[in-house]
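So the structure is just underneath, and the comments pick up after that.
The values are calculated or read from the model by the stated rules, or taken from the named source; none is laboratory data. It should be emphasised that the depicted structure is a prediction, and the values quoted were computed from it without experimental measurement. Glycine gets a Cβ as well: all are built from the backbone with ideal geometry, and neighbour counts include every protein chain shown.
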Amino acid sequence: MALRRNPFQTAILLAILLSRSKKTRIKFSKRTLEILSKRERIHPIFVNRVRDELDDLDVIMLETNRGGYALISRQALDGAHSMTSKHLLNDLRALRKGATNFEILLEELGGLGIDEEDEDEEDDID
């Protein structure tokens, strides 16, 4: 394969992809990332470096549940609904009193974004 692109160059191409879409968010495949970066394999460290470079360009890059990636313009979040801890006061009181726990709260999410591997880290949720 030709000379590989560095994370900064790849981030520029991804930001242009988002910009030209005229959307505030897009998703793309691992294959698209391989093509834009001129890489046969995408290593996690490379993805992290691209993510850091995109951050400087006001673009957020996320991995999707289906194995691809998504880009979101940081400006798209400016209009997002604001939430404060006041919305969780009853839950915080219940946690303090032992009337609820994080397993119960997790059920409310339906396990969204939680893998079995992450369950070992539940002690970190304090």
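Would you tally the residues in segment 24-33 being within 13 Å of Ile72 (Cβ to Cβ), of a type outside the set (Phe, Trp, Tyr) and modelled with pLDDT of 95 or more? Walk me through it before giving the result.
So in segment 24-33, the residues within 13 Å of Ile72 (Cβ to Cβ) come out as 24-28.
Applying the additional criterion that residues be of a type outside the set (Phe, Trp, Tyr) yields 24-27.
Filter again for modelled with pLDDT of 95 or more, leaving 25-27.
Final tally of qualifying residues: 3.
Hey, can you tell me all the residues within segment 29-48 that are touching a residue at least 12 places away in the same chain (Cβ under 8 Å) and either in contact with a helix residue (DSSP H, G or I) (Cβ under 7 Å, 6 or more places away or on another chain) or farther than 16 Å from Ala70 by Cβ (or both)?
Residues satisfying the conditions are Leu36, Ser37, Lys38, Arg39, Glu40, Ile42, Phe46.
Give the residue that is nearest to the chain's Cα centre (by Cα), with candidates limited to residues of segment 11-37 that are surrounded by 15 or more Cβ atoms within 10 Å (Cβ to Cβ) and closer than 16 Å to Asp58 by Cβ.
Ranking the qualifying residues of segment 11-37, first place goes to Ile26.
Could you list all residues from segment 1-46 that are among the small types (Gly, Ala, Ser) and assigned by TED's automatic domain parsing to the domain that holds Thr64?
Within segment 1-46, Ala11, Ala15, Ser19, Ser21, Ser29, Ser37 meet the criteria.
List pairs: first residue in segment 51-73 and under 18 Å from Ser19 (Cα atoms), second residue among the small types (Gly, Ala, Ser) anywhere in the structure, Cβ distance under 6 angstrom, at least six positions apart or on different chains.
Close Cβ pairs (under 6 Å, with a partner that is among the small types (Gly, Ala, Ser)) amount to Glu53/Ala11; Leu54/Ala11; Leu57/Ala15; Val59/Ala15; Leu62/Ala70.
Hey, can you tell me all the residues within segment 46-76 that are farther than 18 Å from Ile12 by Cβ, more than 12 Å from the chain's Cα centre (by Cα) and surrounded by 11 or more Cβ atoms within 10 Å (Cβ to Cβ)?
Listed by number, the list holds a single entry, Ala76.
Pick from Leu106, Leu36: which is aliphatic (A, V, I, L, M) and at pLDDT 95 or above?
Numbers: Leu106 fails: at pLDDT 95 or above.
Testing whether each residue is aliphatic (A, V, I, L, M) and at pLDDT 95 or above leaves just Leu36.
Just to be sure before I move on: is Glu107 in a helix (DSSP H, G or I) and either loosely packed, with under 10 Cβ neighbours inside 10 Å or touching a Leu at 6+ places or on another chain (Cβ under 9 Å) (or both) in the structure I sent?
Numbers: in a helix (DSSP H, G or I): yes; either loosely packed, with under 10 Cβ neighbours inside 10 Å or touching a Leu at 6+ places or on another chain (Cβ under 9 Å) (or both): yes.
Criteria met by Glu107.
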